[in-house]
Amino acid sequence: RISRQYVNKDTTDSNTTQQIALEPPTPEKLFQNIWEKQGYNADDAVLKDFLSLVQEAQKHLENDATP
């Protein structure tokens, strides 16, 4: 995991630091961000369905990659 710390420039809270992750987003993280921005509660059934679709897509990609 690659991350760097940047000092917060805000004068009211100058003692805190922020961590910004520089790794590329995964489909799971993108889905979670969209889900939270829409204001939905984390619905386990929908999350399970999405993760199963992601796993299925990864299997298809792996199968297509093998000759």
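The values are calculated or read from the model by the stated rules, or taken from the named source; none is laboratory data. This is a predicted model, so every value here is computed, not measured. With ideal geometry, Cβ positions are generated from the backbone for all residues, glycine too; neighbour counts draw on all protein chains shown.
Run residue 40 past the list (1) surrounded by 10 or more Cβ atoms within 10 Å (Cβ to Cβ); (2) modelled with pLDDT of 75 or more and report the number of the one that doesn't hold. Here residue 40 clears every test but (2). Among residues of the range 52-67 that are within 12 Å of residue 27 (Cβ to Cβ), those with a beta-carbon under 7 Å from a residue that is assigned to a helix (DSSP H, G or I) and not hydrophobic (A, V, I, L, M, F, W, C) at least six positions away or on a different chain give the pairs 54/27; 54/28.
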